[in-house]
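I have placed the structure first, in the form of structure tokens, so that the comments after it can refer back to it.
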Amino acid sequence: MGLEPIATPLGFAFPFPPVLPEAIRALGLFVLLATFLVTVVAYAKIFSKAGYSPWLCLLVLIPLVNWFVLLWFAFTEWPLERGGGRPPRGFPVAGSL
């Protein structure tokens, strides 16, 4: 099973493997899942520190909705700023220093 050249529209021919080896596919899937997990956990932590429910991080995973969530989160007054949310332990509060 050798590498066979694949013709391109410009007439060039490059030898490409027909499929990726299974180990590279598995590594790519692992990196994808790890990135997904880190993103979800980071957004959950950010939302909870702002005084919102950490479950809002699931909205960030929906394409196009994530942009609206980002804009909403950036330009609204957070519950923590209104005094409605409880700051996390060790979180500095304005006026307490």
Taking 7 Å along the Cα-to-C-beta vector as the label spot, tell me the ARG25-LEU61 distance in nanometres, rounded to one decimal.
2.3 nm
In nm, to one decimal, how far is the PHE68 label point from the SER53 one, both placed 7 Å along Cα→Cβ?
1.7 nm
Note, ³J(HN,Hα) from phi for segment 59-65, Karplus 6.51, -1.76, 1.60, rounded to Hz, x at Gly and Pro
5, 5, 7, 8, x, 6, 5
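Only the coordinates and a few stated rules stand behind these numbers; no lab work does. Model, not experiment: these values are computed from the prediction. Here the Cβ is made from the backbone with ideal geometry for all residues, glycine too, and neighbour counts use every protein chain on show.
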